[in-house]
Amino acid sequence: MESKGGKLVAWALAAVAVVAFVVYMATQVVGPAARGMPRPVAGALTLPDVLFYVIAGFTVVGAAGVTLSRNILYSAFGLLTALLGAGALYVMLSADFVAVAQLLVYIGGVLVLILFAVMLTSRISDIKVSNTSFGLFGGVLLFVAAAPVLLSVALLTPWRVVPPAALAPTAEVIGDALLSRWLLPFEVASLVLLSTLIGAVLIARKEIKAEEA
Amino acid sequence: MHETARELGQIAVTHASYLWLIPFFPILGATINALIGWKLQKVFGKKIVHRIAITAMFAAFAVAVRAYWQLLHLDPEHRFLQDTLWNLLTAGRLTVDLSFALDPLSMMMVLVITGIGSLIHVFSIGYMADEPSYWRYFSYLNLFVFAMLLLVMGDNFAVMFFGWEGVGLASYLLISFWHADAEKAKAGMKAFVANRFGDFGFLAGLFLLFWTLGGTWMPRPQGSPNPRYGTTVELRGQAVDTRPIASAANAAQSAALAPMVDGVKVGPTMNFRELRDQVVIEATGVKEHLVGATIWGIPVLMLVGILLFVGAMGKSAQIPLYVWLPDAMAGPTPVSALIHAATMVTAGVYMVARLNFLFALSPSAMGWVALIGAVTAIFAASIGFFQYDIKKVLAYSTVSQLGFMFIGVGVGAYWAGVYHLLTHAFFKATLFLGSGSVILGCHHEQDMRKMGGLKKYMPVTRWTYLAACWAIAGFPWMNGFYSKDEILWKAFTSGHLALFGHPTPWLGPVIYLVGIVAATGTSFYMFRSYYMTFTGEYRGGAGHHDEHNEDPHSAGATAMSAASVSVHASNGAAHLDHGTHGHPAPTAAHAVTAHDDAAHAGGHGHHGGTPHESPWNMTVVLSVLALGSFATLFIGLPAAWTHHAPILEHWLEPVLTAEVPFVEKPHWMEYAFQGLGVLAGTVGWFFAMLLFKDGKSTVPAALKERFLGLWTVVYNKYYVDEAYARVVYKPATAFAGACSWFDSNVIDRVVLLVGAITRAFANLDGAIDKYIVDGVVNAVANGTAGLGRSLRTLQTGRVQTYLYGALGGALVVVLLNFLIK
Amino acid sequence: MQISLSHFLAVGALLFAFGIVTVATRRNAVGVLMGVELILNGANVNFVAFNRYVGSAGTQTFDAIGGQVFSLFVIVLAAAEAAVGLAIVLAIFQTFKSIDVRSADLMRE
C-alpha cells in the first residue's frame, strides 16, 4: 500500500466490492422486499405532505451542502440549513420541546461555536486548503455503499406502526419524565456538561498558555 | 599408696550453677579489651585497660574461692561441682554438653591459674608500661586465662580440647606479640606447629579410646581380607551393644538410650566422669575389657596412654617436642611466666593426672611417661648449664622441671606430680618475673654476661630470685624440696613399671638416679644464673651490643633488646596517642607506674644507664609469689615426718583413685634419700658459687677452652633444632617441592588438556548455537519485524482511514447478515 | 401519498449518509465536526420519528415521550462533544499551525 499503484489497486478493489454489494442488495434484497410491499396508494397531496417534502428537501440539500461545499463557511451555512430543517421535522413529529431545544442548543450554541472555530482557525492562505476534500472517490464509494442500504432499510422494512396520537404539547410530560424516570441520566448529563465545560476551557487555555510561554 | 582395694562408687554430682562465671569473667575482659580497648586506651589512658583485665581476673579468682569454699564443706567423696550450660552435640547415645566441673584436682588448678594469673596481670602493668598495644596484650592475656580455665574445668574431652587448642592459640598470639619482628613471629609459629604435632597424638589417643569403648576388632571372617569391627562389647560375659541404634533428638533421649550396666552408663563417652565411673567401678567389666583389648596385637591401653602422652609432650614441652618452649621466650616475660611456666605447660601433667585411672591400667604407658620425663629432665638441665640468656636458662629449667612432673605422674605418684606442678608454678613464676624485673631494670638486656652486681640495685628482686633458686634447687626451707623429693622417692620405690609390656623393676631406681643428677644440675645452673646476675660488678654499659656477634644462637636475645626499640618505634608511629618518641619519655611511663626509685627515673629510656629496681607493683608481686613458694611447703610435708598423709594428697585423694603398688621401704631410707636430695642441691650450689660468684673465677673460661667441642655441642642445644631442620624440615620442603613439581608438570598439563578438550567442545557448541539455534530465532524475529513494518503502514494516524475500516467491517457484517440465513 | 414513518427515516438516513461522507472526506477538522453533527441529527430524527409512530404504544405514562427524551440527551451530548471537539481543534491549530487532520498524526510512528 506504499506505492501509488498499490493504492489504486486497493481503491479499485473497494469500488468493485461496493458495486457488487449494491447490485446484490438491489437484486436479491430490495427487489423481493419491494415486490412484497403493498403499493402506496396514490392520493392527493395534502398541505402537510407538501410541507414535509419541502422541509425534507431543505434538510437534505443542506446536508449535501455541508458535504460538497468547497468553502468551509458555506458548509457551515449548509449545516445551519440542515439543522433548521431537522427542527422543523421535529415540529411535524409533535416534538415541540425537542424542536426548541434543537434551535437553542444546535443553532444557538453548537453552530455558533463551529463558526467561531472556523473564524479562529482559518487563515487567508488556508481558504483553499480548508475547502479541499481528499479522497473524493472514496467519499462517493462510501455514499454509494451507505445511502442505499439505509434507505432501503428505512423504506422497505414493514414497520409495526401505531396510529399517531393527536398533536399535543410535550414540555410538561418531558419535564416530569426527566425529573422522575430519567432522573439519573439527567444528573449524569449535567455532570457531563460540567466536565465538558471545565475540560474545554482547560484544553483550549492550556495550549494558549503554552504558546505564550 | 592404696594397699587395699577400695570399693569405689559413682561420683556424686553437686550442681553449682555459678561455675560458668569463672571462665566468663576473663573472656568478658578479653572481649571488652579486644573490641574497644584501643579506644579506651586512647581516651582514658592505659589505666582503664589493665583495670578491666585485672578486675576480670580478680572476679574469676573470687568465684573460684567461693567454689573452693563450697567444695571444702562437702564430704571428700562428694567433692564434685558441676555446671551444665547447654548441649553441644547429641548423636545416638553420645551427648556432649558445654559443662564445667570442679573436683579437687581442677579446683587446685583453677586457684593456681586465677591466683597466680592475677598476680602476673598486676606485674604486667609495670613491665608493659611502655607498650603501645597495651590493650592487645591484656586482651590476649585474659583470653589465655579463659582458655586455660576451659581446659581444666571442662567436664568432657570436647570442652577440654577446646581449651587445649585455645591456650595454643593464646600462646601463639602472645609469643609473637611483637609480630613486627620476624624472629618472634617465627617463634610463635614454631610453638603452634609443635603443639599441632602433640594435638594430633592427643586426638588419635582420644579416638582410639573412644573406639575401644564402643567395640572390638573381631577375627577376620572367612574369605575376607579385612578384620571385622564388632560393635558389641562383652562385659562380664554379657554382650552389650554400644551401637547408636536409634537417633536421639536431645540429651534426655540420648541418656535413655545409653547402655547401662549395674546403673553405670557404659560405652563411648566424652565425659570424664562417665569414663571414670565405668572404668573404676569393677562391676561394669569395662576395666577388663580395656585391659584385654588389643589392636594389631598391641594392647590398646598402652597405645592410648602413649598417644595421649604425645599430646602432653606437645603442650608440656617434653622430648622430642620441647623445642618450641625455649623459642617461646620471645614473648613478653610476664607471658613466659604465666604461660610457659605456671599454667599452660602443665596442661599435659594435668591431663595425665586427670586420666590417672587409665594410665594406671597400663604399666607400659606409665613407664614411657616416666622415662621420657626423666630423659627430658636431665637433657634440658644439661643445656641449661651453658646458656647466657637468662630467659633461656629459665626456659630449659622449665622443660627440666616438667620432666620431673612427668616422672611423678609416670611412676604413679600422681599427687606428687601435681604437687610439683603447684610448687613449680610458684617458684618458676617468681623466677620468670624476677628475670623480667632484671630485664626491665637492665633496659631490656637479657644476656647475663651484661649483668652482674645487681643485688645492690635491685634488692627485692635479688632476694625473691634467691628464694626461688632455693626452692628449685630443693632446700628444705622452700617448697620445691618436698615435691621433688616425693617424686624421686616414689620413683625409687616403684617396681611396677614396664616397657613394651615387659616388666622392668630396675626402671624406677634408674629414673631416680637420672633425677638426682638432674636435680644437681638444676641447682648448679640456677645458682649460676643467680651469681652471674646479682653478684660481682655490673658489666652492662654503653657499647655492649657489639659483643653479641660471638653468640650465634642468642639472636633472639639481641633481637629482643634491639627489636623492642624498633617495634616500639613502629607501633608508636601507628598509635598517634603515643607520641612521636619511639621509646617514650621514661618519666611519663613511670608516672603511670608510680616509680619508687626516683633517682633512676631518668635511666630507663636509654641503654647503658644504671640498673634500677622495678616499680612497686612488680616487687610486691615478686614478694607475694616468693612467700607463696615458702607457704606451699606446708601442704606437702611428707608422711614420714608427720605420720599422716600430706594435706594435698588427702585433698586430691577423691580424684586420684588409681591404685599403684609401691615397694615398701623403711623410714630411715626415706630420710636418707631426703638427705641425698639436699646434698645434690648443695653440691650444685657449691660449684656454682665456686665458679661464678662475683664473676672473678677464671675456671669457667678455662674449662670452656679445654672442652670447647663438648661446650659447643651443649651450648647449641645438642643441635636439636638443626637436626630437626635436617630430618623434618628438609624432607618436608623437598616433598613439598616434589609435590609442587608434580602439580605444575603433571596435574597442570592434565588440567590444561582437559581444558583444551572442553574448549573445543565449547566452540562446537557455540557454533551450533550461533548458526542453528540463533539462526532460527533470528529468522523468526526478522520475519516478525518485517511483517510488523509492512503492517505498520496501515496505521496512518488519520481518523478517516479508520473510519473506512470500521465501515468496511460494518459492510461485511451486513452482507453476512443477509448471506447467512 | 400519506407521510409515514418511512419518509422520516429516509431523511434521517440521508442525513447520516451525508454526515459520514463528510467525516470521511474532510481535511478540515471543523468540517469533520460538522459531519459528526449531521450524523447525530440523522439519529435524532430517527429517535423522534420512532417515538411518534412506534414508541407511544407503551402502557406507561412516560413511554410516549421516551424517544424525545433520548433525543434531548443526544442534543446535550452533541453540545458537549462540539465544545470539547472544538477546543481540541483549537489546541491542534495552536500546536501544528494547521487544522488539517493529516498533520495530527504524531502517533503514527
Selection over segment A:146-172 where residues are more than 9 Å from chain C (Cβ to nearest Cβ), of a type in the set (A, V, I, L, M) and touching a helix residue (DSSP H, G or I) at 6+ places or on another chain (Cβ under 8 Å) yields a count of 1
In segment C:61-73, what count of residues is obtained for those that are more than 7 Å from chain A (Cβ to nearest Cβ) and closer than 15 Å to A:ILE107 by Cα? 0
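Of the residues B:THR793, B:THR758, which single one is of a type in the set (Val, Ile, Thr) and within 14 Å of another protein chain (Cβ to nearest Cβ)? Reasoning before the result, please.
Values: B:THR758 fails: within 14 Å of another protein chain (Cβ to nearest Cβ).
Only one candidate passes the filter, namely B:THR793.
Taking segment A:107-145 on its own, how many of its residues are more than 7 Å from chain C (Cβ to nearest Cβ) and either at pLDDT 80 or above or assigned to a helix (DSSP H, G or I) (or both)? Reasoning before the result, please.
Looking only at segment A:107-145, we keep the residues that are more than 7 Å from chain C (Cβ to nearest Cβ), and these are A:107-108, A:111-112, A:115-116, A:119, A:122-128, A:131, A:137, A:140-141, A:144-145.
Narrowing the set further to residues that are either at pLDDT 80 or above or assigned to a helix (DSSP H, G or I) (or both) leaves A:107-108, A:111-112, A:115-116, A:119, A:126-128, A:131, A:137, A:140-141, A:144-145.
Residues flagged as more than 7 Å from chain C (Cβ to nearest Cβ) and either at pLDDT 80 or above or assigned to a helix (DSSP H, G or I) (or both) within segment A:107-145 amount to 16.
Can you tell which of B:SER133, B:SER171 is at pLDDT below 90, out of contact with any Lys or Arg (no Cβ under 6 Å at 6 or more places or on another chain) and under 21 Å from B:HIS424 (Cβ atoms)? Can you show your working first?
Working: B:SER133 fails: under 21 Å from B:HIS424 (Cβ atoms).
After applying the criteria, what remains is B:SER171.
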I want to confirm something. Restricting to segment B:1-30 and keeping residues that are modelled with pLDDT of 90 or more and not hydrophobic (A, V, I, L, M, F, W, C), which single residue is nearest to B:LEU98 (Cα to Cα)? B:PRO23
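Kindly indicate which of C:VAL36, C:VAL30 is buried (at least 22 other Cβ atoms within 10 Å of the Cβ), among the β-branched types (Val, Ile, Thr) and out of contact with any Phe, Trp or Tyr (no Cβ under 6 Å at 6 or more places or on another chain). First the steps, then the outcome.
Working: C:VAL36 fails: buried (at least 22 other Cβ atoms within 10 Å of the Cβ).
Exactly one of C:VAL36, C:VAL30 is buried (at least 22 other Cβ atoms within 10 Å of the Cβ), among the β-branched types (Val, Ile, Thr) and out of contact with any Phe, Trp or Tyr (no Cβ under 6 Å at 6 or more places or on another chain), namely C:VAL30.
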Of the candidates B:GLN10, B:GLN70, the one satisfying the condition of being in a loop (DSSP other than H, G, I, E, B), touching a residue at least 24 places away in the same chain (Cβ under 8 Å) and surrounded by 14 or more Cβ atoms within 10 Å (Cβ to Cβ) is B:GLN10
Conditions first: (1) within 30 Å of C:ILE88 (Cα to Cα); (2) surrounded by fewer than 17 Cβ atoms within 10 Å (Cβ to Cβ); (3) of a type outside the set (D, E, K, R); (4) modelled with pLDDT of 85 or more. A:THR196 passes all but one, so which condition is the exception? (2)
Confirm whether C:ALA87 is at pLDDT 75 or above, within 23 Å of A:MET92 (Cα to Cα) and surrounded by 21 or more Cβ atoms within 10 Å (Cβ to Cβ). no
Taking A:VAL66 as meeting all but one of (1) at pLDDT 90 or above; (2) within 25 Å of A:SER152 (Cα to Cα); (3) facing chain C (nearest Cβ under 7 Å), write down the number of the exception. (1)
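Just wondering, is there one or more residues in segment B:13-30 that are in a strand (DSSP E or B), under 20 Å from B:LEU656 (Cα atoms), more than 27 Å from the chain's Cα centre (by Cα) and among the hydroxyl-bearing types (Ser, Thr, Tyr)?
Keep residues of segment B:13-30 that are in a strand (DSSP E or B), which gives B:14-15.
In the following step, the residues that additionally are under 20 Å from B:LEU656 (Cα atoms) were identified as B:14.
Those still in the list that are more than 27 Å from the chain's Cα centre (by Cα) too: B:14.
Narrowing the set further to residues that are among the hydroxyl-bearing types (Ser, Thr, Tyr) leaves B:14.
Yes, the conditions are met somewhere in segment B:13-30.
Of these, B:VAL96, B:VAL145, which one is among the aliphatic types (A, V, I, L, M), in a helix (DSSP H, G or I) and either modelled with pLDDT of 90 or more or closer than 26 Å to B:PHE272 by Cβ (or both)?
B:VAL145
Just to be sure before I move on: is B:VAL49 at pLDDT below 90 and crowded, with 24+ Cβ neighbours inside 10 Å in the structure I sent? Please lay out each step first, then the result.
Numbers: at pLDDT below 90: yes; crowded, with 24+ Cβ neighbours inside 10 Å: yes.
Judged against the criteria, B:VAL49 is a match.
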Looking at segment C:9-19, can you tell me whether even one residue there is at pLDDT below 90, surrounded by 22 or more Cβ atoms within 10 Å (Cβ to Cβ) and either over 15 Å from the mean Cα position of the chain (by Cα) or facing chain A (nearest Cβ under 7 Å) (or both)? no
For residues that are of a type in the set (Gly, Ala, Ser) and surrounded by 21 or more Cβ atoms within 10 Å (Cβ to Cβ), scanning just segment B:431-464, find the one that is farthest from B:VAL621 (Cα to Cα). B:GLY452
Residue in segment B:692-714 that is buried (at least 16 other Cβ atoms within 10 Å of the Cβ) and under 31 Å from the mean Cα position of the chain (by Cα) present: yes
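Kindly indicate which of B:PHE426, B:PHE475 is in a helix (DSSP H, G or I) and either out of contact with any Lys or Arg (no Cβ under 6 Å at 6 or more places or on another chain) or on the phi > 0 side of the Ramachandran plot (or both). Please lay out each step first, then the result.
Working: B:PHE475 fails: in a helix (DSSP H, G or I).
Just a single option satisfies the conditions, and that option is B:PHE426.
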Residues C:VAL48, C:VAL76, C:VAL54: which one is farther than 17 Å from A:GLY78 by Cα, facing chain A (nearest Cβ under 7 Å) and in contact with a Lys or Arg (Cβ under 8 Å, 6 or more places away or on another chain)? C:VAL54
Quick one: which residue in B:SER397, B:SER382 is touching a residue at least 40 places away in the same chain (Cβ under 8 Å), farther than 20 Å from B:SER483 by Cβ and assigned to a helix (DSSP H, G or I)? B:SER382
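The values are calculated or read from the model by the stated rules, or taken from the named source; none is laboratory data. All of these numbers come straight from a predicted model, not from anything done at the bench. Note: ideal-geometry Cβ built from the backbone for every residue, glycine included; neighbour counts use all protein chains shown.
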